[in-house]
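> This is the structure I have questions about; it appears just below.
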Amino acid sequence: MTLYERPAFLDAGEAALVVEFGDSVDPVINARVLTMEAALHEAALTGVEETVPTYRSLMIRYEPLAISRAELVAALERLAPQDADAFTPKTRWRLPCCYDAELAEDIVLASQMLALAPERLAALHAGGDYRVYMYGFAPGWCYLGGLPDQLALPRRASPRGPTPQGAVLIGGGLSLVATNPMPTGWYVIGRTPERLFALERNPPTLIEPGDALSFEPIDAEAFRAMDARAARGEVLARREHLS
């Protein structure tokens with residue numbers, strides 16, 4: 001892991017700036033990203049229109065006629081966190097997840113690769129303490145850090161077929177909740193009935209980057225009942241305020 005001594009400022013077209021804090025997926029680097037985003041929101045700079053956090057960087061979309069690149073960079077240098085090596089989530093979500101093989105399409109294969117029983121894999125995954133790093137790849141795809149080391153396995157050499165809605169996946173030392181069918185190189189080891197992304201909601205995403213997340217195991221019968229409730233617009237995940 002390399003944490004940059006000073007943030008790097010990279011242009012993304014004429015109206016967006018990417019602030020990079022390091023070169024890898026790491027909670028310390030991500031803490032800098034989230035702390036910078038919070039400071040930028042609090043500063044409420046004229047011309048800043050949107051922020052998009054990732055594992056290691058923050059993209060800032062701005063109006064060049066309202067704030068110049070030089071002015072934005074100068075403001076960001078003043079706001080840049082120097083000691084934000086830890087980030088304390090304000091919210092924890094408890095997300096229902098079914099690990100039964102009929103819904104967890106790859107749990108047997110992943111268990112064989114990890115030399116674990118499927119029940120042990122499910123218990124380890126459900127026992128993890130996760131942080132939402134970012135949304136990416138497709139709308140509502142929620143990337144999580146905090147996967148137990150025993151569940152780290154490389155992504156597939158070739159993508160598998162489309163994931164089901166609400167698939168809970170592992171791969172590359174991370175976990176992920178998918179919202180819509182899409183080919184992927186990750187392994188489906190569970191499924192949640194919750195809809196993390198819904199266009200009829202405002203905002204459409206349920207959970208924010210920086211939030212903590214835990215999985216609560218449910219069986220297939222409970223999944224089907226909860227899935228019907230979620231289809232009617234009910235929010236199933238339990239939200240806890242941490243501070």
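> With an 8 Å Cα cut-off and a minimum separation of 6 or more residues, compute the relative contact order for region 131-243 in percent.
Once divided by the residue count of region 131-243, the mean separation gives 24 percent.
> Looking at the chain, what % of its DSSP beta bridges pair antiparallel, to the nearest 5?
Percentage antiparallel, nearest 5: 85.
> Are there any GluC sites (Glu not before Pro) in region 92-147 that are in a DSSP loop and have at most 11 other Cβ atoms within 10 Å? List them by number.
Answer by residue number: Glu102.
> Now a separate question. Test of understanding: what is the full-extension gain from Leu124 to Ala222, defined as 0.36 nm times their sequence separation minus their Cα-Cα distance?
Gain in length upon complete extension: 33.2 nm.
> Something else: Working out 0.36 nm times the residue gap between Leu199 and Ser243, then minus their Cα-Cα distance, what length gain in nm do you get to one decimal?
Separation in residues times 0.36 nm, less the Cα-Cα distance, equals 13.0 nm.
> Hey, another quick one. Take the Cβ-Cβ distance between Ala12 and Ala43 as r, set R0 to 22 Å, and report the resulting FRET efficiency rounded to the nearest 0.05.
The value I calculate is 0.60.
> What list of ³J(HN,Hα) values in whole Hz, one per residue of region 197-210 in order, does the Karplus curve 6.51 cos²θ - 1.76 cosθ + 1.60 (θ = phi - 60°) give from phi, with Gly and Pro shown as x?
Values per residue, Gly and Pro as x: 9, 8, 5, 6, 8, 9, x, x, 8, 7, 10, 9, x, x Hz.
> Under the definition of Cα pairs under 8 Å and six or more residues apart, what whole-number percent is the relative contact order of the chain?
Dividing the mean separation by the residue count of the chain yields 20 percent.
> Let me check the size of region 91-241 from its C-alpha atoms; what are the radius of gyration and Dmax in Å?
Using the Cα atoms of region 91-241, the pair Rg, Dmax is 14.1, 43 Å.
> Now for a separate question. When you count, for each residue, the other Cβ atoms within 10 Å and take the mean per peptide, how do 38-49, 133-144 rank with the highest first?
Final packing ranking: 133-144, 38-49.
> Could you give the distance between the Cα centres of region 159-203 and region 97-152, to the whole Å?
11 Å
> So if each residue of separation counts as 0.36 nm, and I subtract the Cα-Cα distance between Met182 and Glu77, what length gain in nm does that give?
33.9 nm
> Computed on alpha carbon atoms, what radius of gyration and Dmax characterise region 3-79, expressed in Å?
Answer for region 3-79, Rg first and Dmax second: 11.6, 35 Å.
> Going by amide H atoms built from the backbone, whose H comes under 5 Å of the H on Gly22, apart from near neighbours?
Those qualifying (amide H under 5 Å, at least 5 residues apart or on another chain) are Tyr4.
> Another question, then. Only Lys, Arg, Asp and Glu count, each charged at its Cβ (+1, +1, -1, -1), so figure out the dipole size of region 113-180 about its Cα centre, rounded to 20 debye.
200 debye
> Over region 152-243, what lengths in whole Å, largest first, do the semi-axes of the equivalent ellipsoid take, defined as the square roots of 5 times the eigenvalues of the alpha-carbon gyration tensor?
23, 16, 14
Computed from the coordinates by the stated procedures, all read-outs in this text should not be read as laboratory data. No experiment lies behind these values; they were computed from the predicted model shown. FYI the Cβ positions are ideal-geometry reconstructions off the backbone, even for glycines, and counts take in every protein chain you see.
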